[in-house]
Amino acid sequence: MDDEVFERKLFATFERHGEFTDIQQSCLELDLFENPSEDEDLRENQTFSKLSNILDEYQEQSYLLDPFLENLVAPVVDCLRSHAKASIADHRRRGSSLRVGRLATLLYSYVKCRGYKTIIRFFPHEIADLSIALEFLLIPDGLIQDATQWALRYVVLIWLSLICMIPFDLAQFDEAERIGHTANAIESSAKTFLGKAGLEREGAALLLSRLYVRQDTGTRFYPFLVWTKERLEAKADVITTIGLLQVVCEVVKSGPADQIRLRVSELSAIAHVIEETKTLLSNTAVRKYKTKLVSRIALRLLPAVPNNGRRKGRTLAGDEIYLDNPASEADFEVPEQVEHALEQLFSALQDKDTVVRWSAAKGVARVSERLPVDFADQVLETVMGLFAIHSIAAASLYDLPAIAESTWHGACLACAEIARRGLIASERLPELIEWLSKALYFDLRKGAHSIGSNVRDAAAYVLWALARTQDTSSLKPHAENLAQRLTAVALYDREIHIRRAASAAFQEHVGRNGLFPHGIDVLGKTDFYAVSIRRNAFLTAAPQVAVHLEYRSFLLNHVLDVVLRHWDPTMRELGSQSLRLICLTDLAILGPQASAKSVHLLDSIDLADLHGGLLALSEIALAYREFGADGTTAVRMRETFEALSRIPLEVVIGSRNAVITAAACRLISITLTFPEMQPDTTSVSHWRKIVDHGLKHRVPFVQEAAAEAMASMSKLVDYLSVLIDAFENTLIRELKASFLATQQSLGTVLGGIDYSAYPNALPEALDCLSSFVKPTTPPRSTVEARRNCYSAIPKILLTTVKDLPRYMSVEVVNSLCDILLGGLDDYSTDERGDVGSWIRAACVQGLTSFTETLIHNSGSIADFAGYFPPAKFRRILAGILKQGVERLDNVRQEAGVGFMRLLALPPPAVADPSLWQIPGLSLLQELFQNDTEYVGWNDGHWLFPRAVRLLDIVEYRKPVLTGLVLSLGSKTDSTHRPLSTSLISYVKSLPLTSEGVEYNVSTLVEDLIAHAKSQITSNSVVVPVLQTFNVLLEGDALMRLAANSRGIASLEQLLTLVTRNVARLKSIPRIQESMKIVVNLLPFGPLFDKCVPCLPDFLGHQFPSIRRETAEHIYLVLQGADMGRDTDDVEEVLLETEWSSSDGEVTKAAVERVVALFSVD
Amino acid sequence: MGLLTIIRKNRQKEREMRILFLGLDNAGKTTILKKLNGEDIMSISPTLGFNIKTFAHGNYILNIWDVGGQRTLRPYWRNYFEQTDALVWVVDSSDRMRMGDCKQELHSLLTEDRLAGASLLVFANKQDLQGSMTDAEIQQVLDLPAITTHHWKIWPCSAVTGKNLVEGLDWVVATPPGSRAEDPQRRGTGISVIPEYGKLTQMHHHHRSPITSCNTKRRPRTITMSPLNCLRTLFAPCEYDASDTPALFLALKTFRLTTPTPLIPA
């Protein structure tokens, strides 16, 4: 249900390379010393964001940039370098902080995208660069010291860190009397950045570490360590601590071993200080770096030569190669510090933060790699021991305390990293795999969700790593177990990434070892895409895999034991459906097995189990119904029905147990049999109470399930009394009177019932429906209830159409159709917005299926023309089209889908089918059935250019025009804009006048005026019409009207319409639109003199905003239109008057002046 | 970071190698690099400092660090050892005078723990010059057979003619796992029948064939039919049944047998 799959676009290459280079080139051409003007700055900023946006697109696949990077990065760095050079030459010249900042940020964007290790390679590192970069960094009060220029500082620092690798004594850069000056300058300035919270810290740490691993400046490392320890002991803040640790970690990693070994005690002391300082230890990053430090110290204490004899990277290409490595054979003394470090790493494996656990896991594995075999084996044993810590007290995996999550995750990660290095002896495999089998299912419920997906992912990681490193022979005993478990997780995990992870591990095993039963076949069914969508994994892939006996019962049991009991109800629902599909592979055997186990679930006290059990039983019963052997089905149904008695009634109908009520109703609707309905033979005496409770339930899905149960009752033909009972005694009356929310089920029930058994019930049902939807104020039923009632109408028709006259007369069917047509005019709104649109959409659907039902059965309906008069058909078409051009995208889409279905209908099978010919069919087909261009009615840009042409068809003209006007009056830009453009060009294409039914501008205008006049007091009708006129007037679409008297008469009518009683209008939009029309009519020569006297109404209006807007609008019109007179004076008055002034005299005089100036001539 | 991220990163890292070019001054390190990169080799002066070159070689991205070989620079070589997958030691075959020097520098490098696991390629350069030593002679003089800690191989070559340069790099990228750098993520396997999980299957998804591509970490160079095509032929039809399975593994087995073992020093 919520299993939306979001896949980032996958690129195959850096497609936007050309575009990117061009934009970047334009950025590099700017003068960095020149400050951009505000406009330039805005433009440059946009250009720059384009670049960083493109880079962001490639963030996930940044390696695609590799072939282009050198040519991309080098020019930017060059630019920076020459700027640095120029800045050093003249300290007074200060670069533009905006431009230099952007340049540096561009470089930072590259680093962010591809990583500094890659980008740094393209920085220059000649001897001369050292002084350029260093001096630039040190310019006093230079741009680089500016607080905002963090990117510049970062880039220069990492640049210096590269330059620091030059193989020359740094002393060569010093003047003779100041030996050590250069190194001092680098060190001291880098140190100042170590306490910065920004990225500079990382750059500075890198620079310092490069400095300290150098041959000539390595001696500075010891003082640095001493200083670090002092700082830490003096309660350095967290940020500084991180900076210091970054330096130390980097040096310990890449420095020369002899130098590190000399300093082990200092290094361990630093780790110890941190261990002792609570404030520091509470920070995740500090703990991470501490873990790194500890593991790296241990690493450097151990001999580096990898023990190749034990490490077997299995290859298909060639034989395994063993290095003759005498050192590896000899055991050596493992320093005590290493044991101590391992202890710390084991506890870090259980850290509450993932990053720390990761660091520790890698540390443990790297250290093990260098340890003697026996010792490494002990490490693995200890790691596996972590699994047991929380398991001793727990009865099952699901009873573990929540804290076990981090322990298990850390243990899995460490095992995975160890396995990846091929350090797991085959004797250890059985124990490890046993733990992993549990870890794959690790899922601890916590409140309304669960934790542990990271453990499951890490378990898949271990199995993946084992597939890559273990011997086929040692995996062989575990193959079937692993295959089954991995498949179960790949198919049935709740999370997409876990399903994929399990599928990836499965694939690795199949590809490398080929031990899994039907491996390739199953892999094809559970690959990356097959398991991506939960529904597909459960309902398509799982039954396919269950074809194989090796997997079948394992999957079945997994569903019964795990999925049906899952905390997420949607999992249980999909799981039960999957169960049915698996049972279908061998129903006779699997059905009873699954039923027996599901029945046991009903004895649980956990609501999830009850729900899962009920769902499973329903689905198994469904399987029997569809495919069960004759004779046994009825028995199975009764058995299943009987199981319901295991759950006490108060639980089934308990408050907040909606899912269980619904599941029970569903079980009833599927397994209800005649004997069970008799009070004396039923095994579940309270089943009716469940259904009744469900009908009155406030949650829609429970109501629907209960309505289904009612429908199955009505299908058991003999059971007349239920219906009588329902209609004549209780049900309807109860529902009518009951709480509003429960009314919703009325429509659902009435629509679902099979009336064939009891046609006399039908009139009352229909009465009830029509009285329910009758418009009243205030409405006596909720919108949802009315919507359900409308939806019930076509359903009733569908169940009765086979023998229509027996159930309904001509008048009844016609009145049903009218009810649906009436629903199209429901524009109710409440605090949720246009809720009437639900009803309109339901009626559009209803009318569509209503029409389809009748036309498909036209052959068997004797008085077809009476039941479905052609005029009604045209009203339906017109009504749907009106909805199809209105404001809401989803309603338009619904109408479009419905209308397309109607277009596709065959002619009715009657004597004279041409009566039901769709008016304007050929135009409609041209507009909407051209498959190559079909986009969807929800897309205004596609729809409206077509929709306006519907006005050509006289039958649809009025409703479509009304719909279009409504849309034009909407504030939705995506509707308004394409519609205005389309309508203007459509009107321009119309003739001024015409003979016959062809549409013309004059008639259109008259139609619009008539529409407005029909409800002159309703602003919601008039304002959209006025807006439409303004759109047309401002689009120059009506100029032609001035050419003849009919047009002028129309325009005069319009003028009267908008100028009557202006002072009494209260709706601001109506005043505004009226004002605009008057002003827009000014350029029409014959109307000018009539318009001018009306201007004071608006220009001197009591609302200041109207006065101001009027003045502005007049000015705009005068500017834009050719008035045939000199209007400079008027324009001057308009501009110079303070229209919103509260001084009435001022504006009054100005109004008089405007009118007077207009009247001259 | 989940398993899928790990797999993706792994694929990417398996395709990258960091190679360090070292040797005495005037051995021709920079010249070899420029020749490989198709640049002009006529005006090359001694490297004062270091060069970084990145280029694609087959399926690999090679990051080559070339450091000057003057005596004064040699103490700084260790700045560049980190994360090295392969060491290329370039020898001036005509410089008989300094062979001892050359041997001593090389052997001292090999004791460095940060180079443990890197494979060693010795380029006996300047074979085009009259009177230069042969690779066999150099092998003896440098006492290469005594090296047991690293995979090594010597190739006679000429930076001027370009002879054996590409072949040498081929050997570097084909050196089997286990001898590579300590980072396990670099330790790939041979020809894997595993498509890049989730990625390639997408392109061919409509075939519903699980195995659509191969990650040829170690490129086989002598088989006539690529493993990819082997598998494609096997799986060409969209539907296949279980009886195909033995055929696949038979095919793979045969394939494994016919693939030559990489060159290893005797």
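The values are calculated or read from the model by the stated rules, or taken from the named source; none is laboratory data. Note that the structure is predicted; figures quoted are calculated from it, not measured. Cβ placement follows ideal geometry from the backbone for every residue including glycine, while neighbour counts extend to all protein chains displayed. Each accessible area value is taken on the protein alone, full model and side chains, heavy atoms only, with ligands, DNA and RNA left out. Shrake-Rupley method; radii C 1.70, N 1.55, O 1.52, S 1.80 Å.
What to note about this one:
- Of the listed requirements (1) buried (at least 20 other Cβ atoms within 10 Å of the Cβ); (2) touching a residue at least 40 places away in the same chain (Cβ under 8 Å); (3) within 11 Å of another protein chain (Cβ to nearest Cβ); (4) within 26 Å of A:GLU60 (Cα to Cα), B:PHE81 misses just one: (4).
- Qualifying residue in the range B:160-171 (condition: within 14 Å of chain A (Cβ to nearest Cβ), open to solvent by less than 50 Å² (accessible area, probe 1.4 Å) and part of a helix (DSSP H, G or I)): yes
- Single residue of A:LEU225, A:LEU232, A:LEU208, A:LEU280 found to be open to solvent by less than 50 Å² (accessible area, probe 1.4 Å) and within 29 Å of A:THR148 (Cβ to Cβ): A:LEU208
- Only one of the listed residues (A:ARG1153, A:ARG1046, A:ARG1064, A:ARG1107) is in the same structural domain as A:ILE1009 (by the TED database) and under 22 Å from A:LEU1008 (Cα atoms). That residue is A:ARG1046.
- The range A:510-532, subset hydrophobic (A, V, I, L, M, F, W, C) and open to solvent by 10 Å² or more (accessible area, probe 1.4 Å), residue nearest to the other protein chains (Cβ to nearest Cβ): A:PHE528
- In summary, B:LEU4 fulfils each of the numbered conditions (1) facing chain A (nearest Cβ under 10 Å); (2) closer than 22 Å to B:TRP89 by Cα with the single exception of condition (2).
- Qualifying residue in the range A:493-509 (condition: over 21 Å from A:LYS438 (Cα atoms), facing chain B (nearest Cβ under 9 Å) and either of a type in the set (Lys, Arg) or crowded, with 23+ Cβ neighbours inside 10 Å (or both)): no
- Among the residues listed as A:ALA448, A:ALA467, A:ALA460, the single one being closer than 30 Å to A:SER578 by Cα, of a type in the set (A, V, I, L, M) and either open to solvent by 10 Å² or more (accessible area, probe 1.4 Å) or touching a strand residue (DSSP E or B) at 6+ places or on another chain (Cβ under 6 Å) (or both): A:ALA448
- Only one of A:VAL383, A:VAL334 that is over 28 Å from B:HIS150 (Cβ atoms), modelled with pLDDT of 75 or more and more than 14 Å from chain B (Cβ to nearest Cβ): A:VAL383
- Taken as a whole, the structure places A:LEU564 among residues that are in a helix (DSSP H, G or I), closer than 20 Å to A:GLY612 by Cα, more than 14 Å from every other protein chain (Cβ to nearest Cβ) and touching a Gly at 6+ places or on another chain (Cβ under 6 Å).
- Contact annotation: residue pairs with Cβ atoms under 6 Å, 6 or more positions apart or on different chains, pairing a residue in the range A:279-300 that is under 18 Å from A:GLU233 (Cα atoms) with a partner that is of a type in the set (Ser, Thr, Tyr) and in a helix (DSSP H, G or I), are A:LEU280/A:THR241; A:VAL286/A:THR241.
- Residue match in the range B:119-126 (condition: modelled with pLDDT of 90 or more, out of contact with any Phe, Trp or Tyr (no Cβ under 9 Å at 6 or more places or on another chain) and away from chain A (no Cβ under 12 Å)): yes
- Residue in the range A:534-551 that is over 30 Å from A:ASP351 (Cβ atoms), outside any helix (DSSP H, G or I) and more than 14 Å from chain B (Cβ to nearest Cβ) present: yes
- Screening A:ASP680 with (1) surrounded by 17 or more Cβ atoms within 10 Å (Cβ to Cβ); (2) assigned to a loop (DSSP other than H, G, I, E, B) gives one miss only, at (1).
Okay, residues lined up against (1) within 9 Å of chain A (Cβ to nearest Cβ); (2) over 24 Å from A:GLY115 (Cα atoms); (3) surrounded by fewer than 21 Cβ atoms within 10 Å (Cβ to Cβ); (4) of a type in the set (Val, Ile, Thr):
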| residue | (1), (2), (3), (4) |
| --- | --- |
| B:LYS13 | no, no, yes, no |
| B:GLU16 | yes, no, yes, no |
| B:LEU33 | no, yes, no, no |
| B:HIS57 | no, no, yes, no |
| B:ASP85 | no, no, no, no |
| B:SER94 | no, yes, yes, no |
| B:MET99 | no, yes, yes, no |
| B:LEU106 | no, yes, no, no |
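- Filter result for A:GLU573 (in contact (Cβ under 8 Å) with a residue 24 or more places away in the chain, part of a helix (DSSP H, G or I) and buried (at least 19 other Cβ atoms within 10 Å of the Cβ)): yes
- Among the residues making up the range A:933-977, those that are over 14 Å from A:ARG887 (Cα atoms) and open to solvent by 50 Å² or more (accessible area, probe 1.4 Å) are A:GLU933, A:TYR934, A:VAL935, A:PRO945, A:ARG949, A:ASP952, A:VAL954, A:GLU955, A:LYS958.
- Pairs are defined by a Cβ separation below 7 Å, a sequence spacing of at least 6 or placement on different chains, a first member in the range A:86-106 that is in the same structural domain as A:VAL73 (by the TED database), and a second member that is of a type in the set (Lys, Arg); the pairs so defined are A:ALA86/A:ARG93; A:SER87/A:ARG93.
- The set of residues in the range A:66-87 being more than 14 Å from chain B (Cβ to nearest Cβ) and of a type in the set (Val, Ile, Thr) consists of A:VAL76 alone.
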